[in-house]
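Asks: The following block contains the structure, expressed as structure tokens.
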Amino acid sequence: MGELKKPAFLPLQIISIVAIVLLSTAPPRCAAFNPRMLFLVKPDPIVLRDHGGALLTGNLTVNLLFYGRFAPAQRAIVADFVRSLSAAPRHPVAAPTVASWWRTTSLYRGGGSRVALGRQVLDERMSLGRGPLSPGNVTALARAAGHHRGAVTAVLTAADVAVAPFCVSRCGIHGRDRGGAHGRARYTYLWAGNPARQCPGQCAWPFHQPLHGPQAPPLVPPNGDVGADGMVISLAALLAGTVTNPYGDGYYQGEDAGAGLEAATACAGIFGSGAYPGYPGKLLTDPATGASYNAIGLGGRKYLLPALWDPTTSQCRTLV
């Protein structure tokens, strides 16, 4: 396994945003979910411009490819999150729901996507090795899992699988490629890693002590798993970025698709109202476990989800 370097400390005005970096490898192009200072908040208003490209709207299937060994409980945490995106709990709940969080994406042009869980593929033997996997390897895994219009494949890597440059500059990416008989059909995919062993201070905050910046006690994860709950935060941010900027010409900040912020990364470090550097904001607390959360999914499962940029107000929208 290659050594994963830690990011260097940067001035506050630089590290207070989460950058989106397009991978330079060809042919796929990827927007990166950069966690360098996930816990710091951009104080100035951010405007994401609609660049007029196609968005993912209508029915959307999310396929999950678990690469490496995941406990059944970890897979259930992720699968239940995806199931909850467009399905409200059967019984009324007092707290906000995962579905109400996802509805913010319907405020973007086109009305958003209705998500359904698709295939769950297990690659426990790690067909491409333990890593470090390259961005091209991630694309190959997504392609092998099956791709078509109206579907996104999420490649999820286990805690002991190295993905270059996981932890150095990102917790995950979302990208696009072309497939089909003539190589003309566009499809989207994403990758997120379990950060529990390699970089919990970067990719599992606020469930782990941050690597840099203000130090506050970590929160108790809602499902009792720092890695899986942290990975859900990345997955949620990447899915929001995928549907609102699937091909690099949707909603993002500025003119450079490789440097702009997207729906979730524009609100990095914000999980509840009143967030500030080192403080994720006002959250709900489970009285039985002490866990922090801001959304309830199917079966009463709890999650902590990032704020999303609201195009109707040009503000970061929180659930609580």
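Asks: Looking only at region 259-288, which residues have a backbone nitrogen under 15 Å from a spot 7 Å from the Cα of A216 in the C-beta direction?
Replies: It comes to 268-285, nothing else.
Asks: Distance in nm between label sites at Y276 and T289, each 7 Å beyond Cα in the beta-carbon direction?
Replies: 3.0
Asks: Same structure again: Accessible area of region 206-274 with a 1.4 Å probe: how many percent of it is carbon plus sulfur?
Replies: Its accessible area is 56 percent carbon and sulfur atoms.
Asks: Let me understand region 59-317 better: what is its radius of gyration from the alpha carbons, and its Dmax, in angstrom?
Replies: Rg, Dmax (Cα atoms, Å): 17.3, 56.
Asks: Report, for region 59-317, the % of DSSP beta bridges that are antiparallel, rounded to 5.
Replies: If we restrict to bridges inside region 59-317, about 40 percent are antiparallel.
Asks: Just flag the trypsin sites (Lys or Arg not before Pro) in region 119-185 sitting in loop per DSSP whose Cβ has no more than 15 other Cβ atoms within 10 Å.
Replies: The qualifying sites are R125, R130, R149, R184.
The values are calculated or read from the model by the stated rules, or taken from the named source; none is laboratory data. If you're wondering where the values come from, they're calculated on a predicted model, not measured in any experiment. Cβ coordinates were reconstructed from backbone atoms using ideal geometry, including for glycine residues, and neighbour counts include every protein chain displayed. These area figures cover heavy atoms from the full protein model, side chains too; ligands, DNA and RNA do not enter into them. Shrake-Rupley method; radii C 1.70, N 1.55, O 1.52, S 1.80 Å.
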